[in-house]
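So the structure is just underneath, and the comments pick up after that.
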Amino acid sequence: MRRRLSLLVLAVTSMVILAFVVPLGLTVQDQAETRALNRGQRTAQAVAGGLVVAASLAPDGTVDASTAELVVAAAGTESTTVFLPGGGSVGAEAAADPALEVAAAGRALTVRADGGAAILVPVSTAAGSLVVRTFVPSGDLTEGVAAAWIGLGALGMLLIAAAVFVADRLARNLVRPVAQLAGAARRMAGGDLEARVAPAGPPEIADVGHAFNHLAEQVDDLLAAERESVADLSHELRTPLTALRLQAEMLEDPATSAAMVADVDRLGRKVDAIITEARRPSSSAGRRRTDLAAVVRRRIEFWGVLAEEQGRRVTVEIPAEPLDVPVPEHELATAVDTLLDNVFTHTPAGTDYAVSVVAESEGSALLLMDDAGPGFPPGDLVERGRSGAGGTGLGLDIVRRTAERTGGRLHTEASPLGGARVVVHLGTGGRSSG
């Protein structure tokens, strides 16, 4: 937009400058020619006047060649020729032409000639008409014209440059608030709900800035209210879960009681994860960096007790050096717990699993979760509301959204252990475009 406005001003200013400079230059050219011809006419008139005086003083009323030569010399001109009545001439050399015959008939005229212009003035004497011819060269006709054109051209270019500069400054002041508004909109689309703009520019654009800020506040309030509602609903599940756990503990069959208690505890952890996710401010996503290696080590250690009870062997491959990724620690821990919980929930006891962390580039990494279980059923499981094992389908979707907020992705494939593999690519912090 800024470039287009500058080009528009350039085009309009150029047309206006040309509309004034060209006529002005032509006027200067006409004036230079007029001045040169006027000087020539004055010279020719002066010589003609001298010849008239000489003829009036002569007894026979004629002017001979010597007298004409004296008059021309007295006029101090080197471009004047006097054609005598009997043929011949004095002064500057000049060839006879058709215009000479017209002047000899008693008519003064100015004609174009090779290399300039000729001014012819007739003088009547007793012996016939003399013709005074003064030649004005082209250099005199165009004297100062080139300099005038150069000056006008330079002035025009200066005015055009000044107009474009001013237009660019104005366009920048006009475009800057729009660019800031677009940047704030992109940050908000990336999850930064605190993105705001400082309204500036023309009243119309400033009004758009105020409207954007108001919209952002409304979206923030609506999301906050929605999260609080989800958290409250999830919290209400604690009471029936507590009652269900008490009933499970009262079962007579110890094995059945232990299994139900374990199931209730897993459900409780799910409810806790939902409450944590609901109360987490969405604007904090992607703002802090966390050591992925350290978080995975802690979560594997936490789940190791249950793995030992169920007879599961775990293989861990984690680099010794820190591996920072653009994910808040609590969100990263929730994603790792979700993946581990899927392994424990959807594979039989005694099934082995492996966790690997691989550094890809600066700020990006791969988190691999493998198991030796039955694997995933056919179809796309990384979709909200879908599950191949009777679940809600929210587990992998939570992990997927965590990865996509960093510009990464999640996909599933067959594991080298014979079961399922979940591959989580954590990017460098930019929101995924896909």
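What follows is calculated from the coordinates using simple rules that are stated; it is not laboratory data. Bear in mind the structure is a predicted one, so any value in this text is a computation, not a measurement. Heads up, the Cβs are rebuilt from the backbone with ideal geometry, glycines too, and the neighbour counts pull from every protein chain shown.
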Top positive-direction residue, dipole computed over the chain with Cβ charges, set Thr338, Gly153, Leu130: Leu130
Charge-dipole axis of the chain as Lys and Arg at +1 and Asp and Glu at -1 on Cβ define it, positive-most pick from Leu222, Val47, Thr402: Val47
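If the only charges are +1 at each Lys and Arg Cβ and -1 at each Asp and Glu Cβ, what is the size of the charge dipole of the chain around the Cα centre, to the nearest 20 debye?
Numbers: 39 positive and 52 negative charges, 151 e Å.
So the dipole magnitude of the chain works out to roughly 720 debye.
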Helix-derived mean residue ellipticity, 222 nm - over the chain, DSSP H n ≥ 4, -39500 (n - 2.57), to 500: -19500 deg cm²/dmol
Over the chain, relative contact order from alpha-carbon pairs under 8 Å, at least 6 apart, %: 10
Hz values of 3J(HN,Hα) by residue in the stretch 170-177 - Karplus curve (6.51, -1.76, 1.60), Gly and Pro given as x: 5, 5, 5, 5, 7, 7, 4, x
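Based only on the alpha carbon positions, what is the Kirkwood hydrodynamic radius of the stretch 313-379, in angstrom?
The Cα-based Kirkwood calculation yields 13.4 Å.
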Cβ crowding within 10 Å averaged over residues, with 18-29, 334-345 ranked highest first: 334-345, 18-29
For the chain: span of alpha carbons on each principal axis (Å, largest first): 166, 46, 37
